[in-house]
1. Which of the residues belonging to region 103-158 are surrounded by 17 or more Cβ atoms within 10 Å (Cβ to Cβ), of a type in the set (S, T, N, Q) and either modelled with pLDDT under 95 or farther than 21 Å from Thr35 by Cβ (or both)?
2. Which one of the conditions (1) within 16 Å of the ligand (Cβ to nearest atom); (2) under 30 Å from Lys251 (Cβ atoms); (3) of a type in the set (D, E, K, R) does Asp41 fail to meet, given that it meets all the rest?
3. Quick check, is Lys192 outside the structural domain of Ser63 (by TED's automatic domain parsing), outside any loop (DSSP other than H, G, I, E, B) and of a type in the set (D, E, K, R)?
4. Mind telling me which of the residues Val205, Val95, Val163 ends up being in the same structural domain as Ala43 (by TED's automatic domain parsing), closer than 26 Å to Leu9 by Cα and either touching a helix residue (DSSP H, G or I) at 6+ places or on another chain (Cβ under 8 Å) or surrounded by fewer than 19 Cβ atoms within 10 Å (Cβ to Cβ) (or both)?
5. If I go through region 97-111 residue by residue, how many of them are more than 10 Å from the ligand (Cβ to nearest atom) and not acidic (Asp, Glu)?
6. Confirm whether Lys116 is in contact (Cβ under 8 Å) with a residue 12 or more places away in the chain, within 16 Å of the ligand (Cβ to nearest atom) and farther than 16 Å from Val228 by Cβ.
7. How many residues, within region 21-40, are among the aliphatic types (A, V, I, L, M) and in a helix (DSSP H, G or I)?
8. Just to check your reading of the model, which residue among Tyr48, Tyr28 is of a type in the set (Phe, Trp, Tyr) and surrounded by 15 or more Cβ atoms within 10 Å (Cβ to Cβ)?
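The values are calculated or read from the model by the stated rules, or taken from the named source; none is laboratory data. What you are looking at is a predicted structure, and each value in this text was computed from that prediction instead of being measured. Every residue, glycine as well, gets a Cβ built from its backbone with ideal geometry; the counts of neighbours run over all protein chains shown.
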Amino acid sequence: MILIDGKKLAAELREELRLEVEELKAKYNKVPGLTVILIGDMAPSQIYVRNKEKSANEVGLKSEVIKYPEEVEEKTVLEKIEELNKNESVSGILVQLPLPKHIDKQKVIETIIPSKDVDGFHPMNVGNLSSGYESSVPCTPLGCYLMIKKIEPNLSGKKAIMVGRSNLNGKPMAQLLLKENCTVTITHSKTKDLKAECLEADIIVAAVGIPELVKADWVKKDAIVIDVGINKTEKGIVGDVAFDEVSKVAKALTPVPGGVGPMTIACLLKNTIDCFKRSQN
Ligand code: GUN
């Protein structure tokens, strides 16, 4: 079984990106800039944002975090985004989710100019991805995709299953694999026989937030299994895949933690650099 080492792959990607930033700096005399907006003081969001800032600095990006208290008015946030949209030194804008209830997530996402939407959440980027055009791709599925490609460069004709249909992962992941000529199934809580669907698949991407849902007898021998889940349980953090038993059946499997997570952040840096490059053309 191949343990897909997300930490190592992310470190390799960051090193590639660091070299690319050096080249861009030499060519344009400026570096890509990432601005993250963080609202409130939810602990997981604070940790994610700190990690994003640390990684951005490591590859030489200009990075800025704008913090607002939980009670900030929606209008204040939207005006700040408008300002960042116009600011030439900002290549990418990310508003950390989830947002407080009084702020309309869709409005926030649609206010970010698509060319700086490093999350790939804007409807224009979602549409471009599903049409097969150039777009920002959401960081988590992009990270999963790069890991799958490391294991199996030719995905043509493979059966892939998404366990979970979120906008954050399942749907964009399906689009990426469709582009690679996979036969893609998207499942969800109303899917009739999830086990039987999973057993058909060469590639399983689990992103539903149910601890250890995917069991060994759901997995075809030599399947590639990507675990996007991060679930807090009595025995600590576990994914959506029963790691120990599935590792005996799968060809390759991501651990939790140390799998998808580090790649997600590295892909955010990649998206920021890609937005910068497109803005220079
Ligand atoms: N919160 C958890 N994951 C994400 C993400 O990928 N993007 C944003 N903006 N917020 C998140």
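1. Asn128
2. (2)
3. No, not satisfied.
4. Every option except Val95 fails the conditions.
5. Residues meeting the conditions: 7.
6. Spelling it out, Lys116 is indeed in contact (Cβ under 8 Å) with a residue 12 or more places away in the chain, within 16 Å of the ligand (Cβ to nearest atom) and farther than 16 Å from Val228 by Cβ.
7. So in region 21-40, the residues among the aliphatic types (A, V, I, L, M) come out as 21, 24, 26, 31, 34, 36-39.
From the residues that got through so far, the ones that are in a helix (DSSP H, G or I) too are 21, 24, 26.
Selection size over region 21-40: 3.
8. Being of a type in the set (Phe, Trp, Tyr) and surrounded by 15 or more Cβ atoms within 10 Å (Cβ to Cβ) holds for just one of Tyr48, Tyr28, which is Tyr48.
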